[in-house]
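Below is one structure, written out as structure tokens; comments come after it.
The values are calculated or read from the model by the stated rules, or taken from the named source; none is laboratory data. Being a predicted model, the structure only gives us computed values, none of them experimental. Ideal geometry is used to build each Cβ from the backbone, glycine not excepted, and the neighbour counts take in all protein chains shown. Surface areas here come from the heavy atoms of the whole protein model, side chains and all, with no ligands, DNA or RNA. Shrake-Rupley method; radii C 1.70, N 1.55, O 1.52, S 1.80 Å.
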Amino acid sequence: MSPDELVYLGILAASIPVGFLFRYLSPPVKQGAALLLGLSVAIVTCQIHTLHSLVTVIGTWIIIKISWRHAPALSLGWSFLYLLFFRLVTWFGLPAPTPFANAIQLLLTLKMVSLANEVNSFHMEKKKDVSSFAKSPVIGGLSQVPSLYDMLSYSYCYAGIMTGPFFRFQTYVDWLQQPSPQTLPGWGPCLQRMKLVPLYGALFISVNSVFPLAYVRTDEFLDENFFFRYFYMIAVFFVFRMRFYAAWCGAEAGFITAGLGCYPEKALSKPGGGPTVNYSPDPSADETYDFKTIQNIDCYNTDFCVKVRHGMRYWNMTVQWWLHHYIYPNAPFRAYALRAGWTMFISAYWHGLHVGYYLSFLTIPLCIAAESAMESSVRARLGPSGQNIFDWVHWFLKMRSYDYMCMGFVLLKASDTIHYWASIYFSMHIIAIACIIIGRVLKGGKKEGRRVEKEDKKEGEKTENVTTGEKTD
């Protein structure tokens, strides 16, 4: 493991026991302590580069103060433009930010855009004079406009400051105002979330040592046979998944011990967004709680769901919620495929400026178009047993598609990504295009094709997956 990875590991490990201490603090003390701890972590790891995040917060606060009505669009433009400046600071003779500063800036960008939207919703609801608005702070909008101190406290809250998961300002306020945090579940769900982390970590370290990414960039790699080169991307994506499975499960455990994101099951919480229905906490009732609001990964379904579009649903789930709510609906296109492509482009930009991100993310719409074409033209004509076989083949190709796209995500450079894809003859691009052509030739019945398309659009309305408009887990 690199020195930076060891620092991340240390921060994650420390956040788990520290979380229990926050359950015994009063709301004002909890707010101040979480800010002080998070800001200390930022200053120690980022040093002078902490100013980037501070400027972003103050800029968003000014935008909200000046024009709450246009705050969602202005905050998105401000935070994303500053993200561009942040990544190009060396052009202006400034020192390059640390990887820790980059991690904080990424999550802060999500928080500031979300907060601007929450404030906008607060004012819009206030204008409607909804009588129940002030009586239901648990769900829906804010009860008041946050102060600069509130914004700083939310921005630098120690929980997930570098690793996520993303959470809304209202989720943060609910955490501060929990009536009896000591009585909320802690050890049980924490151990449940952590039980496979040692395995994920061991697999990450061991497989990464056997299949180092750097080997792909060497000339010797091309001397290997095709099947070895093809298998290599499977190993690389496996290492990639194990790394994030361990990190995100560990980060969630830190939230769980603090009680952040804990809601009654009847609130029907969604990752990133929190409760989706109005509910009344009943102290006398024997409530069952969950931490779905801060769930960022569903390891099993990431590996074993069948479709490419569904694979997005279970990965980085809180960020998927953010993309669906603030990017997908506001895309400058009406066509579903173009809106999905736009969302993938914004997601790539948020991750960074490396061309590999764009090559990977913009391959997703192609894969989705391919699987939709085959579903309407082939699967729809099969019987139950044939559909079962089709789904297994579909799952295999889904995993290979993500293996393929992962190479662009980790290699980063356009030359390295294309160099690798060329070494396996752009196989997944060719398969995807072939599936689309086959689907067009077979046509599968225009009526059935329209039915599949309508089902995809309905999924987009009901769920929050970015690529389909589906809600992320």
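Which trypsin sites (Lys or Arg not before Pro) in the range 155-211 sit in a loop by DSSP (not H, G, I, E or B) and have at most 15 other Cβ atoms within 10 Å of their own Cβ? Write out the running numbers ahead of the final one.
Values: sites: Arg168, Arg193, Lys195; in loops: Arg168, Lys195.
For trypsin sites (Lys or Arg not before Pro) across the range 155-211 that sit outside H, G, I, E and B with at most 15 neighbouring Cβ atoms in 10 Å, the list reads Lys195.
Measure off, as a whole percent, the carbon and sulfur share of the 1.4 Å-probe accessible area of the range 13-123, all protein chains present. Kindly include the intermediate steps, with their values, before the conclusion.
Details: 3770 of 4890 Å².
Carbon-and-sulfur percentage of accessible area, whole number: 77.
Between Ser143 and Ala235, how high is the FRET efficiency from 1/(1 + (r/R0)^6) when r is the Cβ-Cβ distance and R₀ = 56 Å? Nearest 0.05.
Working: r = 51 Å, r/R0 = 0.90.
Using R0 = 56 Å, I get an efficiency of 0.65.
Once neighbouring chains are kept in place and the probe is 1.4 Å, which whole percent of the accessible area of the range 215-254 is contributed by carbon and sulfur? Spell out each step's value before the answer.
Values: 1070 of 1700 Å².
Exposed carbon and sulfur together represent 63 percent of the surface.
Could you tell me which of Gly259, Cys249, Gly273 has its Cα farthest along the dipole of the range 232-292 towards the positive end, charges placed at Cβ (Lys, Arg +1; Asp, Glu -1), taken about the Cα centre?
Of the options given, the answer is Cys249.
Where does the chain land at 222 nm, in deg cm²/dmol rounded to the nearest 500, when only DSSP H runs of n ≥ 4 count, each adding -39500 (n - 2.57), divided by all residues? Mind showing how you got there, number by number?
On the way: 21 runs with 308 residues, N = 473.
Calculated from helices alone, the mean residue ellipticity at 222 nm is -21000 deg cm²/dmol.
Under the 0.36 nm per residue contour assumption, what length would be gained going from the current alpha-carbon distance of Phe228 and Asp4 to full extension? List each step's numbers first, then the result.
On the way: separation 224, 0.36 × 224 = 80.64 nm, distance 3.05 nm.
Gain on extension, Phe228 to Asp4, equals 77.6 nm.
Taking the Cα centre of the chain as origin, work out the dipole magnitude from +1 charges on Lys and Arg Cβ and -1 charges on Asp and Glu Cβ, in debye rounded to 20. Could you put the intermediate results ahead of the total?
Numbers: 41 positive and 33 negative charges, 266 e Å.
Charge dipole, the chain, about its Cα centre: 1280 debye, nearest 20.
Mind giving me the FRET efficiency for Tyr300 and Phe396? R0 is 22 Å, r the Cβ-Cβ distance, nearest 0.05 is fine. Don't jump to the answer; show the numbers that get you there.
Working: r = 17 Å, r/R0 = 0.77.
Here the calculated transfer efficiency is 0.80.
Rounded to whole Å, give me the distance from the Cα center of the range 61-88 to that of the range 144-222.
Between the Cα centre of the range 61-88 and that of the range 144-222, the gap is 25 Å.
Using the heavy atoms of the protein chains alone and a 1.4 angstrom probe, what is the accessible area of the chain per residue in square angstrom?
Details: 21650 Å² over 473 residues.
Value returned for the chain: 46 Å² of accessible area per residue.
Match the structure shown to one of the listed values [x] 37, 27, 23; [y] 43, 23, 19; [z] 41, 31, 23 of semi-axes √(5λ) of the Cα gyration tensor in Å, computed from it, and give that label.
Computed from the coordinates, semi-axes √(5λ) of the Cα gyration tensor in Å corresponds to [x].
How long is the gain from Ser26 to Lys443 if the chain were fully straight, where each residue apart is worth 0.36 nm and the alpha carbon distance is subtracted? Can you show the working numbers first?
On the way: separation 417, 0.36 × 417 = 150.12 nm, distance 6.34 nm.
That pair, Ser26 and Lys443, stretches by 143.8 nm at full extension.
Along Cα→Cβ, 7 Å out, is where each label goes; now give me the distance between the ones at Lys126 and Ala96 in nm to one decimal.
4.5 nm
First check a/c for the range 170-213, with a ≥ b ≥ c the square roots of the eigenvalues of its C-alpha gyration tensor; if it is under 1.5, answer rounded, and if not, answer prolate when a/b is larger than b/c or oblate otherwise.
Working: a/c = 7.98, a/b = 2.59, b/c = 3.08.
Because a/c hits 1.5 or more and a/b fails to exceed b/c, the range 170-213 counts as oblate.
How large is the convex hull of the C-alpha atoms of the range 3-57 per residue, in Å³?
On the way: hull volume 4.5 nm³, N = 55.
It is 82 Å³ per residue.
I need the shape label for the range 259-353. Rule: rounded when a/c is under 1.5, else prolate if a/b > b/c, else oblate, with a, b, c from the alpha carbon gyration tensor.
Working: a/c = 2.56, a/b = 1.89, b/c = 1.35.
Prolate shape, in that a/c is at least 1.5 and a/b is the bigger ratio.
How far, in degrees from 0 to 90, does helix 71-87 lean away from the longest principal axis of the Cα atoms of the chain, to the nearest 10?
For 71-87 against the chain, the angle is about 70 degrees.
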